[in-house]
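Visitor: Questions regarding the structure given below will be posed in turn.
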Amino acid sequence: MTKEITITLNGEKQSLEVEPRLLLVHLIRENLNQTGTHIGCDTSSCGACTILVDGKSIKSCTMLAIQADGKEIITVEGLATTEGLHPIQEGFKENHGLHCGFCTPGMMMRAVELLENNPNPTEEEIRWGISGNLCRCTGYNNIVKAIQYAGAKIRGDELPSTEPEFV
Amino acid sequence: MIKCDTPKEIGGMGHSMKRKEDDRFIQGKGNYVDDIKLPGMLYMDIVRSPYAYAKIKKINTDAAMAIDGVVAVVDGKALEQYNLHWMPTLMSDTQMVLPTDTVMYQAQEVCAVIATSRYAARDGKEAVIVEYEPMKPLMDPYKALNDDAPLLRPDKEGKTDNHIWNWKAGDKEKTDKVFEEADVTVKEQMHIPRIHVASIETCGCVADYDKVNNHLTMYMTTQAPHAIRTVIALVAGHVGLTEEKIRVISPDIGGGFGGKVPVYPGYVIAIAVSFLVGKPVKWIEDRSENLQADSFARDYHITAEMAATKEGKILATRFKILADHGYTDASANPSKFPTGLYSIGTGSYDYGASYMEADAVYTNKPPGGVAYRCSFRVTEAVHAIERITDRLALEIGKDPAQLRMENFIKKEDFPWKSPTGWEYDSGDYHAGLQKAMDAVGYDELRKEQAEKRAKGELMGIGISTFTEIVGAGPSKDFDILGIKMFDSAEIRVHPTGKAIARFGTKSQGQGHETTYAQIIAQELGIPMEHIQVEEGDTDTAPYGLGTYASRSTPTAGAAAAVAARKLRDKAKKIAAYLLEVSEEDLEWEPGKFFVKGAPEKSKTIQELVFAAYTNHPQGMEAGFETTHYYDPPNLTFPSGAYICVVDIDKETGQIDVRRFVAIDDCGNIINPMIVQGQVHGGLTQGIAPAMYESLIYDDDGNILNGTFMDYLVPTAVESPSWETGHTVTPSPHHPIGAKGVGESPTVGAPPAIANAIVDAMSHLGVTHMEIPITPFKVWKTLKEKGAI
Ligand code: FES
Ligand code: FES
């Protein structure tokens, strides 16, 4: 048994026949071959699969593909535009906000919504804001910096230094 | 302090160059193993045992085979026909690929379902019915050697008990004598719990066997692709898969930390199935399988003792270890080192007597252990020495910083021979600790602590001044399955002066594409942006032992420097020829050779490379490329001084890490930004076992926290805002004076945190707390001590 759904993925509208039990993350990764969205757990804990559904950051392993019917989805592949990288992508690169890169797409998608709701978050707000996303490599310091940098860029403020600071 | 002698346009050592690999990762264009999709690919899922110890009576696959899309169910008996049901471990023990009669731990692989889709494979797995006859498992390592303990490995010829090996280091007689005569001795029993690396990407592979050409391409999450190729050939050579027919490709890896060094049964099953059906087979484990069945780390029970004078001069240490290896010894250690490099556990202190002894036993737990971001059991050793040093400070009433300062090996005493036989290459421990104390404001903190204590508030300051041992290793001592632990670099510079460099190592996030390029840029003067680094394809990269134990910079990084220097020598010859002078008349500055005293007469490296293809001297080999296999003369010994400040809420036991200052010394620094990033990450993996993580089993062998719901990987909220810095004491024997850093913080942080928490409660009579130190443990201790 399959069901027809229509979604807009990174600006491209498409209709597909899917099994009702198909997870949204598998639809994106396997049926639509956009593999930038990752899977890191089976308990909705890690956030590696985070995407934007109608502007809200969602763990795509926790949603069925059929629930996305009629919705607008943005994944990491849809962040950059012809003008260049999204500020959050620039923030992560400039501030060494990633090591292995596996958590990064989910982390960035979460940060995009975070900054949308709160363009000038404190360090504590950032830390709580990304607490649904695990990173095993970076120790989070530079992810915080990356999000602060992106916030400044979005607000049009002066960009913070990206040089490492040592005691 | 950070040496930087190339301009930023060249981007050699010391520059915080942004990472080259990031562009693909931030745009979703990384290529991890689960992103690989091949035509006709089948999917594999694995049926696992719900019991820790049971006989398999029957496996009924009828219902599974009836599911649309299920192609086959493979069990141990099927593999047995090809003699593929057992495999060797890296420690020369043996491990089941699939069982033929008995399961030995919960979540062990029982059989594999192969199907045309991921969902059909999962359906098939749910439909397989296995009948078991459960037995009482052996979970307590202390009971493993009792007479009534079940004999877990009757498959091993001549084995009559559950003892795996005994290991010793140091001088027992001398040490015992010092202990007998010493003014002061202290002793603590500590458990370094079983934990899991939990890289965010789990393990997996795509095995692609091409029947026509008898060739296997194995895409897999491995930190050591070449070694794995050799292991596959050893396991499957007898069915025709000899080493030249195997290509291992390790694509982008989503974190390794040692967990992607071993060969897991899933890989072997996928290869066997692909070999039998002639189609590509994908196996990706899910998180719970990863936590429950893949190799654990640590699980050492240690009795640590220290002897000293009453003034606080350390005289000797003694360590007795019981190692719980689970059902087989599948450690990822160099062959001659069953306890890894535990014998570095004499620490950073100048004394002459130490004795260590370890026994390993089998239990009904999953096999291991791997490093968890640590150089072969160094974390266990460092925890014991740094905790027992604090215990001594408490015993004699001396400030723990002062005690350390008085006992450190002095800068001028390097190279220093340790009582267990290591030759520490270099270090400046006094400078490191002083820097950390200044940065944290140590004296003021002690005053604040005294004031708080007077008011009944709990605050603690914990120190850890550790010495690491990395860069395995010199071929006289270090091998894995007989293969010496050198590593390699191949550099090819194209006629237009742009290069590709390939290595036997494999980055899992460490940033090799950037740092190796910087080393070559440093030595050859070619801008790092024009040096492309490749790893992880055994068909193209030179043989090497891979990336773990902080060995990449000490071994392959050194190989890169030596290879680049060989090429620079060639460039010099060409320059002498083109400028019509002798080689002695030439001088080098980054990017060109010029004639001494006549700097206008010069040739750039790009011109010299071009000439190597277009106008090389007669008799010289054309081209500009070379390979170097680097065999390190010694290990490297990074060190660190960490200070942690905690505040404890008496009513709840809640621990707040107020500050954490980490001063690392990893020798010369290639990229300060990346070194700092590695330290941040390692520190979070240090706080993890200190306060949050451990794998817990009940008496029936059930794992109680085998998912991300209850295995507590720290989030950004638990992870403090780290403060980091460095001292620089170059390694005297490494070509660029570097030492390696990725693991130091994981090794050094846990005792700093434990020491801080114990320090907060030491006035109540608390001398030790077992990690992970949770609020509940703290609250219980406070209750027991009558503090609340
Ligand atoms: S994959 Fe972990 S939360 Fe979705
Ligand atoms: S960068 Fe590796 S998990 Fe975050």
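The values are calculated or read from the model by the stated rules, or taken from the named source; none is laboratory data. Note that the structure is predicted; figures quoted are calculated from it, not measured. Positions of Cβ are generated from backbone atoms using ideal geometry, with glycine treated the same way; all protein chains shown enter the neighbour counts. These area figures cover heavy atoms from the full protein model, side chains too; ligands, DNA and RNA do not enter into them. Shrake-Rupley method; radii C 1.70, N 1.55, O 1.52, S 1.80 Å.
Visitor: Every residue in segment B:207-226 that is buried (at least 24 other Cβ atoms within 10 Å of the Cβ), among the β-branched types (Val, Ile, Thr) and either part of a strand (DSSP E or B) or within 13 Å of chain A (Cβ to nearest Cβ) (or both), please.
Guide: B:221, the sole residue that qualifies.
Visitor: Now, a different point. Let me spell it out: the conditions are (1) surrounded by 15 or more Cβ atoms within 10 Å (Cβ to Cβ); (2) in contact with a Phe, Trp or Tyr (Cβ under 9 Å, 6 or more places away or on another chain), and residue B:136 meets all of them except one. Which number is the exception?
Guide: With respect to (1) surrounded by 15 or more Cβ atoms within 10 Å (Cβ to Cβ); (2) in contact with a Phe, Trp or Tyr (Cβ under 9 Å, 6 or more places away or on another chain), residue B:136 is out only on (1).
Visitor: Taking the condition of being open to solvent by less than 10 Å² (accessible area, probe 1.4 Å) and either within 14 Å of chain A (Cβ to nearest Cβ) or closer than 13 Å to residue B:552 by Cβ (or both), how many residues in segment B:483-495 meet it?
Guide: Initial filter on segment B:483-495 (open to solvent by less than 10 Å² (accessible area, probe 1.4 Å)): B:485, B:487-489, B:491, B:493.
Retained after the next criterion (residues that are either within 14 Å of chain A (Cβ to nearest Cβ) or closer than 13 Å to residue B:552 by Cβ (or both)): B:485, B:487-489.
Number satisfying all stated conditions: 4.
Visitor: Within segment B:7-26, can you find the residues that are more than 14 Å from chain A (Cβ to nearest Cβ) and either under 26 Å from the mean Cα position of the chain (by Cα) or open to solvent by less than 10 Å² (accessible area, probe 1.4 Å) (or both)?
Guide: Residues of segment B:7-26 that are more than 14 Å from chain A (Cβ to nearest Cβ), as a first pass: B:7, B:9-13.
Result: B:11, B:12, B:13.
Visitor: Could I ask something else about it? Report, by residue number, each residue of segment B:692-724 that is more than 16 Å from ligand 2 (Cβ to nearest atom), buried (at least 21 other Cβ atoms within 10 Å of the Cβ) and under 22 Å from the mean Cα position of the chain (by Cα).
Guide: B:694, B:695, B:706, B:724 - these are the residues of segment B:692-724 that are more than 16 Å from ligand 2 (Cβ to nearest atom), buried (at least 21 other Cβ atoms within 10 Å of the Cβ) and under 22 Å from the mean Cα position of the chain (by Cα).
Visitor: Could you identify the single residue in B:175, B:185, B:202 that is surrounded by 22 or more Cβ atoms within 10 Å (Cβ to Cβ), more than 14 Å from chain A (Cβ to nearest Cβ) and among the β-branched types (Val, Ile, Thr)?
Guide: B:175
Visitor: Something else: Any residue at all in segment A:130-139 that's away from ligand 2 (no atom under 12 Å from the Cβ) and either more than 28 Å from residue B:686 (Cα to Cα) or crowded, with 19+ Cβ neighbours inside 10 Å (or both)? Explain how you work it out, then say what you get.
Guide: Filtering segment A:130-139 down to residues away from ligand 2 (no atom under 12 Å from the Cβ) leaves A:131-132.
Filter once more, so that each one left must be either more than 28 Å from residue B:686 (Cα to Cα) or crowded, with 19+ Cβ neighbours inside 10 Å (or both): none.
Among the residues of segment A:130-139, not one is away from ligand 2 (no atom under 12 Å from the Cβ) and either more than 28 Å from residue B:686 (Cα to Cα) or crowded, with 19+ Cβ neighbours inside 10 Å (or both), which makes the answer no.
Visitor: Shifting gears a bit: From the list A:106, A:84, exactly one residue is within 21 Å of residue A:143 (Cα to Cα), without any contact (Cβ under 8 Å) to a residue 12 or more places away in the chain and either surrounded by fewer than 24 Cβ atoms within 10 Å (Cβ to Cβ) or within 16 Å of ligand 1 (Cβ to nearest atom) (or both). Which is it? Spell out how you get there, then give the answer.
Guide: Details: A:106 fails: without any contact (Cβ under 8 Å) to a residue 12 or more places away in the chain.
Sole residue among the options that is within 21 Å of residue A:143 (Cα to Cα), without any contact (Cβ under 8 Å) to a residue 12 or more places away in the chain and either surrounded by fewer than 24 Cβ atoms within 10 Å (Cβ to Cβ) or within 16 Å of ligand 1 (Cβ to nearest atom) (or both): A:84.
Visitor: For segment B:97-129, name all the residues that are open to solvent by less than 20 Å² (accessible area, probe 1.4 Å) and within 31 Å of the chain's Cα centre (by Cα).
Guide: Listed by number, the residues that qualify are B:97, B:98, B:99, B:103, B:104, B:105, B:107, B:108, B:109, B:110, B:111, B:112.
Visitor: Residues of segment A:23-81 being within 7 Å of ligand 1 (Cβ to nearest atom), without any contact (Cβ under 8 Å) to a residue 60 or more places away in the chain and outside any loop (DSSP other than H, G, I, E, B), which ones?
Guide: Of everything in segment A:23-81, those that are within 7 Å of ligand 1 (Cβ to nearest atom), without any contact (Cβ under 8 Å) to a residue 60 or more places away in the chain and outside any loop (DSSP other than H, G, I, E, B) turn out to be A:25, A:60, A:61, A:62.
Visitor: Continuing with this model, one more query. For residue B:237, indicate whether it is outside any strand (DSSP E or B), open to solvent by 20 Å² or more (accessible area, probe 1.4 Å) and not β-branched (Val, Ile, Thr).
Guide: Taking the combined requirement at face value, the residue satisfies it.
Visitor: Looking at A:15, A:45, can you tell me which residue is open to solvent by 10 Å² or more (accessible area, probe 1.4 Å) and in contact with a Phe, Trp or Tyr (Cβ under 9 Å, 6 or more places away or on another chain)? Walk me through it before giving the result.
Guide: On the way: A:15 fails: in contact with a Phe, Trp or Tyr (Cβ under 9 Å, 6 or more places away or on another chain).
Only one candidate qualifies: A:45.
Visitor: Which condition breaks for residue B:257 when tested against (1) among the aromatic types (Phe, Trp, Tyr); (2) outside any loop (DSSP other than H, G, I, E, B); (3) within 26 Å of the chain's Cα centre (by Cα)?
Guide: (2)
Visitor: Another one. For segment B:580-611, enumerate the residues that are under 21 Å from residue B:526 (Cβ atoms) and among the hydroxyl-bearing types (Ser, Thr, Tyr).
Guide: B:602, B:604 - these are the residues of segment B:580-611 that are under 21 Å from residue B:526 (Cβ atoms) and among the hydroxyl-bearing types (Ser, Thr, Tyr).
Visitor: If only one of A:139, A:97, A:91 is free of Cβ contacts under 8 Å to residues at least 12 places away in the same chain, away from ligand 1 (no atom under 16 Å from the Cβ) and closer than 29 Å to residue B:727 by Cα, which one is it? Steps first, answer last, please.
Guide: Values: A:97 fails: free of Cβ contacts under 8 Å to residues at least 12 places away in the same chain; A:91 fails: free of Cβ contacts under 8 Å to residues at least 12 places away in the same chain.
On inspection, the qualifying residue turns out to be A:139.
To keep it simple, each residue is scored yes or no on (1) over 30 Å from residue B:96 (Cβ atoms); (2) in a loop (DSSP other than H, G, I, E, B).
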{"position": "B:268", "(1), (2)": "no, no"}
{"position": "B:274", "(1), (2)": "no, no"}
{"position": "B:279", "(1), (2)": "no, yes"}
{"position": "B:298", "(1), (2)": "no, no"}
{"position": "B:320", "(1), (2)": "yes, no"}
{"position": "B:326", "(1), (2)": "no, yes"}
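Visitor: For residues that are of a type in the set (D, E, K, R) and under 30 Å from residue B:708 (Cα atoms), tally how many sit in segment B:174-218.
Guide: Step one: of segment B:174-218, the residues of a type in the set (D, E, K, R) are B:174, B:176-177, B:180-181, B:183, B:187-188, B:194, B:201, B:208, B:210-211.
Pick out the ones that are also under 30 Å from residue B:708 (Cα atoms) and you get B:194, B:201.
Selection size over segment B:174-218: 2.
Visitor: In this structure, does residue B:333 turn out to be outside any strand (DSSP E or B) and either touching a Ser or Thr at 6+ places or on another chain (Cβ under 6 Å) or among the aliphatic types (A, V, I, L, M) (or both)? Please lay out each step first, then the result.
Guide: Values: outside any strand (DSSP E or B): yes; either touching a Ser or Thr at 6+ places or on another chain (Cβ under 6 Å) or among the aliphatic types (A, V, I, L, M) (or both): no.
For residue B:333, the condition - outside any strand (DSSP E or B) and either touching a Ser or Thr at 6+ places or on another chain (Cβ under 6 Å) or among the aliphatic types (A, V, I, L, M) (or both) - is not met.
Visitor: Let me ask another. So which of A:47, A:40, A:84, A:91 is within 16 Å of ligand 2 (Cβ to nearest atom) and either facing chain B (nearest Cβ under 7 Å) or closer than 14 Å to residue B:24 by Cα (or both)?
Guide: A:40
Visitor: Okay, moving on. Taking segment B:651-690 only, how many residues are open to solvent by 10 Å² or more (accessible area, probe 1.4 Å), within 18 Å of residue B:714 (Cα to Cα) and more than 9 Å from chain A (Cβ to nearest Cβ)?
Guide: Matching residues across segment B:651-690 total 6.
Visitor: Here is a follow-up. Limited to segment B:76-96, what total is found for residues that are open to solvent by 40 Å² or more (accessible area, probe 1.4 Å) and either within 14 Å of chain A (Cβ to nearest Cβ) or in contact (Cβ under 8 Å) with a residue 24 or more places away in the chain (or both)? Give the steps one after another, and end with the answer.
Guide: Restricting attention to segment B:76-96, the residues satisfying the condition of being open to solvent by 40 Å² or more (accessible area, probe 1.4 Å) are B:77, B:80-83, B:86, B:88, B:92, B:94.
Filter once more, keeping what is either within 14 Å of chain A (Cβ to nearest Cβ) or in contact (Cβ under 8 Å) with a residue 24 or more places away in the chain (or both): B:82-83, B:88, B:92, B:94.
Final tally of qualifying residues: 5.
Yes/no per residue for (1) within 30 Å of residue B:346 (Cβ to Cβ); (2) open to solvent by 10 Å² or more (accessible area, probe 1.4 Å):
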| position | (1), (2) |
| --- | --- |
| B:600 | no, yes |
| B:606 | no, yes |
| B:612 | no, no |
| B:615 | no, yes |
| B:619 | no, yes |
| B:627 | no, yes |
| B:631 | yes, yes |
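Visitor: Scan segment A:72-81 residue by residue and report those that are more than 8 Å from chain B (Cβ to nearest Cβ) and either within 16 Å of ligand 2 (Cβ to nearest atom) or not polar (S, T, N, Q) (or both).
Guide: First, the residues of segment A:72-81 that are more than 8 Å from chain B (Cβ to nearest Cβ): A:72-74, A:78, A:81.
Passing the criteria: A:72, A:73, A:74, A:78.
Visitor: Here is a check on your reading of the model: is residue B:175 more than 16 Å from ligand 2 (Cβ to nearest atom) and touching a strand residue (DSSP E or B) at 6+ places or on another chain (Cβ under 6 Å)?
Guide: On the way: more than 16 Å from ligand 2 (Cβ to nearest atom): yes; touching a strand residue (DSSP E or B) at 6+ places or on another chain (Cβ under 6 Å): yes.
So residue B:175 fits the description; yes.
Visitor: Right, another one. Confirm whether residue B:498 is free of Cβ contacts under 8 Å to residues at least 24 places away in the same chain and open to solvent by 10 Å² or more (accessible area, probe 1.4 Å).
Guide: Judged against the criteria, residue B:498 is not a match.
Visitor: Counting only residues that are surrounded by fewer than 16 Cβ atoms within 10 Å (Cβ to Cβ) and in contact with a Leu (Cβ under 9 Å, 6 or more places away or on another chain), how many does segment A:48-71 have?
Guide: 2
Visitor: May I ask you to list the residues in segment B:504-525 that are part of a loop (DSSP other than H, G, I, E, B) and either in contact with a His (Cβ under 9 Å, 6 or more places away or on another chain) or within 20 Å of residue B:630 (Cβ to Cβ) (or both)? Reasoning before the result, please.
Guide: Going through segment B:504-525, the residues part of a loop (DSSP other than H, G, I, E, B) turn out to be B:504-511, B:525.
Matches in segment B:504-525: B:504, B:505, B:506, B:507, B:508, B:509, B:510, B:511.
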